[in-house]
1. Among the listed residues B:GLU248, B:GLU225, B:GLU193, which satisfies the condition of being modelled with pLDDT under 80 and more than 30 Å from B:LEU36 (Cα to Cα)?
2. Residue check: is A:VAL31 surrounded by 12 or more Cβ atoms within 10 Å (Cβ to Cβ), modelled with pLDDT of 90 or more and closer than 29 Å to A:LEU148 by Cα?
3. I need the full set of residues from the range A:69-114 which are small (Gly, Ala, Ser) and out of contact with any strand residue (DSSP E or B) (no Cβ under 7 Å at 6 or more places or on another chain), in order please.
4. If A:GLY49 satisfies every condition in (1) without any contact (Cβ under 8 Å) to a residue 40 or more places away in the chain; (2) at negative phi but one, which is the exception?
5. Restricting attention to the range A:57-76, which residues are within 16 Å of A:ALA33 (Cβ to Cβ) and surrounded by 14 or more Cβ atoms within 10 Å (Cβ to Cβ)?
6. Can you tell me which of (1) in contact with a strand residue (DSSP E or B) (Cβ under 9 Å, 6 or more places away or on another chain); (2) modelled with pLDDT under 80; (3) not hydrophobic (A, V, I, L, M, F, W, C) is the one B:ASP156 doesn't meet?
7. Search the range B:184-225 for residues being within 14 Å of another protein chain (Cβ to nearest Cβ) and among the acidic types (Asp, Glu), and hand back the single one that is nearest to A:HIS10 (Cα to Cα).
8. What helices (runs of 4 or more DSSP H), lying completely within the range A:77-157, carry at least 1 residues that are touching a His at 6+ places or on another chain (Cβ under 8 Å) and surrounded by 21 or more Cβ atoms within 10 Å (Cβ to Cβ)?
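The values are calculated or read from the model by the stated rules, or taken from the named source; none is laboratory data. Please read these numbers as outputs of a predicted model, since none were measured by experiment. Neighbour counts run over all protein chains shown; Cβ positions are idealised from the backbone, glycine included.
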Amino acid sequence: MDTATLQYPHAGFISRAIAFVLDIVVMSVAVLAAIALVQSLLGFFTLYGLVGQRVAQSTPFRDIVFAVFALIGVGIAIGYPVGFWVLLGQTPGKLLMGVRIARINGQPLTIRRALLRYVGYWLSAIPLGLGFFWVLVDDRRQCWHDKLAGTYVVYDSRSPFSRLSIGHKLVA
Amino acid sequence: MNDQTHPNGHIRPIAPAEAIDDVSPDSARFDTAAALLRLLVGGALVGMDELRIHLERWQEAAQASAQTVHQTMQTMPPRTTSDALRYTLVGMLFETETRMRRGFASMAARFSRFSRLSGETNLYYKTLRPDVYQTPFDPVRVRLDEMRIRAMETVDRWADRGWAEEQQGRRMARQATVGVIDELLDYMAQNPEVRLLIEEQGMGMAETAVDEVRERTASADMWIERIAHNLLHRPVSGPLTKPVDGAEPPTTEADAPSAPADAPQTPTPSRPPRRTR
């Protein structure tokens, strides 16, 4: 690959932030829907006597239910971004904003890298989100989690911005 | 029960339901001719109402426009012979309409005066000259009175029927209008070509909106970055937005366009010009 030719311009803070918020909304809806489904199933079992009323109201059972909800929440919180990064290279929020994740070497993200990037999310968030704001001052618009996982977030080739920029050949 | 002025001038309590019931024996079974007539009458009445409303609006707009034109153009433009003839014909048309309206108004006033006079005469004969009724013409007068009463009853019945039919006709016309529009919309919605067109338009609009959002956020990216750099007194990095080491998105994107190798290497702003569709 000729390094002089343009690849894809890096996405900036606002695009990434909006994509992040959209993903949070989607994840929240998904978690709520999953919890509602579990509640309905529990209600169904209790109604038809498959789970007794006394059992349903006991503390251990409630703990189990809470654990199931927590598992669902954690599963979606991890599985949603990691899954989409690995499978599509972008989450629905990023898709809508026309940005995608790219590795430095041009290869698709592996699960390991995606998990590393996810861990980097939390590391970026711990110092009051400084890792996220790093994109504002970084020359390559990388957050901490990007640096950790060796990734960039670039404007998608299909987005109008990228399509226009392609012909411009940005300087290295 | 509601009191209202009868179309023929009598004041007589009419219950709408009662009036409609009068015609219900006919309308109980479907009569195509009657329904069609009802629809035509209702349609004409509703159409006239709508036309009147629109005419009023148009006339107001035309008058407002004419006032503006009068302010700018004080003199009549030069006219040819055909123009003059046309103006004369149009003027004659409106003059005739005005005269006819005045004529009808004066006839109505005369008729009203005559009615009042005849009523007073009748009152005079009844109170001061009761002996007039004791004449050899009494049988004829009685017969005439009977005929008059029958005629009035007939007119009343017609008026009742007309009132009920008019209401029903108006309802029918409105129903028909709504029904036809619904059917037309249904047909259009089921028509594959129309549906495809609507879908394409919808998709196009959505795509345009998303593109607009993307472009604006891309501009905002640059703007906020500049602010951050200014705050930190860092030099604003130029158009450096290219991933190094030939990085590119996953190669699964077969449709990803690539830049021509011989494209000029001019520094360009990292934000593109607004795309126009």
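1. Values: B:GLU225 fails: modelled with pLDDT under 80; B:GLU193 fails: modelled with pLDDT under 80.
B:GLU248 is the lone residue from the list that is modelled with pLDDT under 80 and more than 30 Å from B:LEU36 (Cα to Cα).
2. Numbers: surrounded by 12 or more Cβ atoms within 10 Å (Cβ to Cβ): yes; modelled with pLDDT of 90 or more: yes; closer than 29 Å to A:LEU148 by Cα: yes.
So A:VAL31 fits the description; yes.
3. Let us first name the residues in the range A:69-114 that are small (Gly, Ala, Ser), namely A:70, A:73, A:75, A:77, A:79, A:83, A:89, A:93, A:98, A:102, A:106, A:114.
A:ALA70, A:GLY73, A:GLY75, A:ALA77, A:GLY79, A:GLY83, A:GLY93, A:GLY106, A:ALA114 - these are the residues of the range A:69-114 that are small (Gly, Ala, Ser) and out of contact with any strand residue (DSSP E or B) (no Cβ under 7 Å at 6 or more places or on another chain).
4. Condition (2) is where A:GLY49 drops out.
5. A:VAL68, A:PHE69, A:ILE72, A:GLY73, A:ILE76
6. Every listed condition holds for B:ASP156 apart from (2).
7. Within the range B:184-225, the first condition is being within 14 Å of another protein chain (Cβ to nearest Cβ), and the residues that meet it are B:204, B:206-225.
If we keep only those that are among the acidic types (Asp, Glu) as well, we get B:207, B:211-212, B:215, B:221, B:225.
Numbers: B:GLU207: 22, B:ASP211: 17, B:GLU212: 18, B:GLU215: 14, B:ASP221: 10, B:GLU225: 12 Å.
Checked the range B:184-225; the qualifying residue nearest to A:HIS10 (Cα to Cα) is B:ASP221.
8. Values: elements: A:92-97, A:111-125, A:130-133, A:144-149.
In the range A:77-157, A:111-125, A:130-133 are the helices (runs of 4 or more DSSP H) which contain 1 or more residues that are touching a His at 6+ places or on another chain (Cβ under 8 Å) and surrounded by 21 or more Cβ atoms within 10 Å (Cβ to Cβ).
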